[in-house]
1. Taking the criterion of being hydroxyl-bearing (Ser, Thr, Tyr), open to solvent by 10 Å² or more (accessible area, probe 1.4 Å) and in contact (Cβ under 8 Å) with a residue 24 or more places away in the chain, would at least one residue in the range 62-75 satisfy it?
2. Go over the candidates TYR233, TYR180 one by one and state the one that is farther than 17 Å from LEU119 by Cα, in contact with a helix residue (DSSP H, G or I) (Cβ under 9 Å, 6 or more places away or on another chain) and modelled with pLDDT under 95.
3. Quick check on THR124: is it β-branched (Val, Ile, Thr), touching a residue at least 24 places away in the same chain (Cβ under 8 Å) and either within 22 Å of MET167 (Cβ to Cβ) or in a strand (DSSP E or B) (or both)?
4. Would you tally the residues in the range 24-59 being surrounded by 15 or more Cβ atoms within 10 Å (Cβ to Cβ), of a type in the set (Val, Ile, Thr) and more than 19 Å from GLN71 (Cβ to Cβ)?
5. Out of GLU104, GLU82, I need the residue that is under 21 Å from TYR190 (Cβ atoms) and in contact with a strand residue (DSSP E or B) (Cβ under 8 Å, 6 or more places away or on another chain). Which one?
6. Looking at the range 150-185 only, could you name the residues that are open to solvent by less than 20 Å² (accessible area, probe 1.4 Å), in contact with a strand residue (DSSP E or B) (Cβ under 8 Å, 6 or more places away or on another chain) and within 23 Å of HIS230 (Cα to Cα)?
7. Quick one: would you say VAL143 is under 19 Å from the mean Cα position of the chain (by Cα), open to solvent by less than 60 Å² (accessible area, probe 1.4 Å), without any contact (Cβ under 8 Å) to a residue 12 or more places away in the chain and within 21 Å of THR110 (Cα to Cα)?
8. Sort through THR193, THR217, THR252, THR244 and tell me the only one that's β-branched (Val, Ile, Thr), more than 16 Å from ARG136 (Cβ to Cβ), open to solvent by 60 Å² or more (accessible area, probe 1.4 Å) and in contact with a Gly (Cβ under 7 Å, 6 or more places away or on another chain).
Amino acid sequence: MVCFVGAGPGAPDLITVRGAELIKGADVIIYAGSLVNPELLKYARPDALIYDSSTMTLEEVMNVTADADRQGRDVVRLHTGEPSIYGAVREQMDELDRLGITYESCPGVTAAFGAAASLNLEYTLPGVSQTLIITRMEGRTQVPSSESMESLAAHRASMAVYLSAGMMDELARRLIAGGYSPDTPAAVVYKATWSDEIAVKCTVSELTDEAARHGITKTAVVLVGDAIAHASYFRSRLYDPSFTTGYRQGIT
């Protein structure tokens, strides 16, 4: 059996209980060494075989996985954050399907939520934004034209931009061209929840300078939207005294 496990955003205690138990029971662990906190490998058994996929191709990962499966060994494929977001897991699953190897997934905490916790944010403030867009700038991996930064920025919703810290100037320019005002609240969170995390609040127009000032060029999520400033929002109706729910009667 192969299990794709979300390692969480960085802090070793932010992996799920299920994820930690799967690591403890694994015979073979293939982890994304360029992004996963190596502290998580302390959950592994002393006799577990551990491979760093940052130096491996897809074919090499599949060869290790197939060999382990033939020997009846359980494999954990440890991905950073939440594997379903920029995890490149579908191509691995398709290969496992082709090889007739069974697999399952264990979710993890993605960087946008680790960053929100670090800044004590709520992305979905009533009257401000009820939508969170998770996206990225195109680089070596293309983005569909219908999902251009400008078209997504036009919604002016809360946005978390991954894998784009090295293109901050272009990102800021395109966010403004799409509809965010230059003074829209923003934040850059480098290595969210790691011990060396850097979290900087600013505006969209200040993103480039603030990232440069802190030497942030990678491993960061960029947050954009009025919810970052958590101002001028409406109180939730759920806890309004006049609001009736299935659990309490509203007071008129």
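The values are calculated or read from the model by the stated rules, or taken from the named source; none is laboratory data. Here the structure is a predicted model, which is why all the values come from computation and not from measurement. Cβ atoms come from the backbone with ideal geometry, glycine included; neighbour counts cover every protein chain shown. Accessible surface is based on the protein model in full, side chains and every heavy atom, while ligands, DNA and RNA are left aside. Shrake-Rupley method; radii C 1.70, N 1.55, O 1.52, S 1.80 Å.
1. No, the range 62-75 contains no residue that is hydroxyl-bearing (Ser, Thr, Tyr), open to solvent by 10 Å² or more (accessible area, probe 1.4 Å) and in contact (Cβ under 8 Å) with a residue 24 or more places away in the chain.
2. Values: TYR180 fails: modelled with pLDDT under 95.
After ruling out the rest, the residue left standing is TYR233.
3. Criteria not met by THR124.
4. 1
5. Details: GLU104 fails: under 21 Å from TYR190 (Cβ atoms).
When all the criteria are applied, what remains is GLU82.
6. Residues satisfying the conditions are ALA153, ALA157, SER158, MET159, ALA160, VAL161, LEU171, LEU175, TYR180, THR184.
7. Numbers: under 19 Å from the mean Cα position of the chain (by Cα): yes; open to solvent by less than 60 Å² (accessible area, probe 1.4 Å): yes; without any contact (Cβ under 8 Å) to a residue 12 or more places away in the chain: yes; within 21 Å of THR110 (Cα to Cα): yes.
Yes.
8. Numbers: THR193 fails: open to solvent by 60 Å² or more (accessible area, probe 1.4 Å); THR217 fails: more than 16 Å from ARG136 (Cβ to Cβ); THR252 fails: in contact with a Gly (Cβ under 7 Å, 6 or more places away or on another chain).
Residue meeting the stated conditions: THR244.
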